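Report on the following structure.
The values are calculated or read from the model by the stated rules, or taken from the named source; none is laboratory data. All figures in this text were calculated on a predicted structure; none of them were measured in a lab. Heads up, the Cβs are rebuilt from the backbone with ideal geometry, glycines too, and the neighbour counts pull from every protein chain shown.
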């Protein structure tokens with residue numbers, strides 16, 4: 001078989017499903033961005049948004065493959081995205097992008113050079129890992145990022161061209177993933193996480209991205225707080241028809257806590273939360289930010 005198969009634990013009989021198809025997203029997106037590079041408006045400094053985004057997607061795919069191959073511990077996965085921050089910080093520094101960020105109740109804060117060497121690495125690390133942590137259900141790790149990408153495209157102006165092909169490929173994968181036909185694997189989840197972080201930095205949509213991924217941040221906060229404070233992990237059960245949980249240690253277990261849902265119901269519920277936060281981000285970008 002071209003792709004390895006793994007059991008789908010949330011389906012009756014645990015059928016084997018091909019995994020790792022996120023590599024299709026990585027290859028198609030980088031090929032598109034390589035083609036787009038010569039068509040970009042010439043930059044006197046020789047900088048390329050397309051090549052920078054392609055580099056980040058490739059690194060995300062490599063990190064996912066490495067995780068699938070070696071089953072990396074979280075202590076390593078948490079900091080590997082820092083390497084992808086290097087080309088982003090370089091691009092932002094040479095383009096003299098805005099180093100200030102507007103924060104609610106605090107106003108606008110100018111981070112100066114700390115923006116390139118502190119803020120960008122932190123943003124890349126948080127976004128990549130939070131996106132990777134919200135998964136495990138058919139469609140969850142593909143539909144939700146697609147919603148966020150669409151929101152970013154709406155408010156990104158001419159930079160939207162960078163994500164047209166990546167979005168198209170990701171939507172195809174999301175369709176088959178939602179139907180339970182494929183898994184994108186860590187290759188896909190890390191690559192799409194880095195796509196979101198990199199594009200938000202390139203298009204100067206950092207705060208919009210943060211608002212869009214609030215459900216992701218909430219999920220990761222629940223997981224990490226329970227793990228570090230109580231030493232417990234989130235685990236959702238499947239009775240052959242519906243998902244259920246006897247604890248609230250993640251977003252999935254929270255919505256299925258003593259309230260069984262089918263896999264599709266759980267995915268659509270979380271997708272609706274992401275859609276709501278993304279709409280809020282778009283409206284905030286238009287009328288506030």
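Given the structure, is residue 108 under 22 Å from residue 221 (Cα atoms) and not in a loop (DSSP other than H, G, I, E, B)? Working first, answer last.
Working: under 22 Å from residue 221 (Cα atoms): no; not in a loop (DSSP other than H, G, I, E, B): yes.
For residue 108, the condition - under 22 Å from residue 221 (Cα atoms) and not in a loop (DSSP other than H, G, I, E, B) - is not met.
Given segment 116-232, what helices (runs of 4 or more DSSP H) lie entirely inside it while holding 2 or more residues that are under 27 Å from residue 70 (Cβ atoms) and either in contact with a strand residue (DSSP E or B) (Cβ under 7 Å, 6 or more places away or on another chain) or in contact (Cβ under 8 Å) with a residue 12 or more places away in the chain (or both)? Step through it out loud before you land on a result.
On the way: elements: 120-133, 140-154, 164-178, 185-202, 206-212, 214-230.
Because the criterion is at least 2 residues that are under 27 Å from residue 70 (Cβ atoms) and either in contact with a strand residue (DSSP E or B) (Cβ under 7 Å, 6 or more places away or on another chain) or in contact (Cβ under 8 Å) with a residue 12 or more places away in the chain (or both), the helices (runs of 4 or more DSSP H) in segment 116-232 that meet it are 120-133, 140-154, 164-178, 185-202, 214-230.
Return a yes/no flag: does segment 97-105 have any residue that is modelled with pLDDT under 80 and within 19 Å of residue 194 (Cβ to Cβ). Lay out the reasoning, then the answer.
Filtering segment 97-105 down to residues modelled with pLDDT under 80 leaves 97-105.
Cutting the leftovers down to within 19 Å of residue 194 (Cβ to Cβ) gives us 97.
Yes, some residue in segment 97-105 is modelled with pLDDT under 80 and within 19 Å of residue 194 (Cβ to Cβ).
Give the residues of segment 228-237 that are surrounded by fewer than 18 Cβ atoms within 10 Å (Cβ to Cβ) and either at pLDDT 95 or above or in contact with a helix residue (DSSP H, G or I) (Cβ under 9 Å, 6 or more places away or on another chain) (or both), sorted by residue number. Spell out how you get there, then give the answer.
Just the residues of segment 228-237 that are surrounded by fewer than 18 Cβ atoms within 10 Å (Cβ to Cβ), to begin with: 228-233, 235, 237.
232, 233, 235 - these are the residues of segment 228-237 that are surrounded by fewer than 18 Cβ atoms within 10 Å (Cβ to Cβ) and either at pLDDT 95 or above or in contact with a helix residue (DSSP H, G or I) (Cβ under 9 Å, 6 or more places away or on another chain) (or both).
Would you pick out the residues in segment 238-284 that are within 23 Å of the chain's Cα centre (by Cα), without any contact (Cβ under 8 Å) to a residue 24 or more places away in the chain and surrounded by fewer than 18 Cβ atoms within 10 Å (Cβ to Cβ)?
265, 268, 269, 272, 276, 283
Does residue 219 satisfy the criteria of being over 30 Å from residue 115 (Cα atoms) and either surrounded by fewer than 21 Cβ atoms within 10 Å (Cβ to Cβ) or in contact with a helix residue (DSSP H, G or I) (Cβ under 8 Å, 6 or more places away or on another chain) (or both)?
So residue 219 does not fit the description; no.
Can you name the residue in segment 165-187 that is modelled with pLDDT of 95 or more and over 15 Å from residue 17 (Cα atoms) and, of all such residues, is surrounded by the fewest Cβ atoms within 10 Å (Cβ to Cβ)?
168
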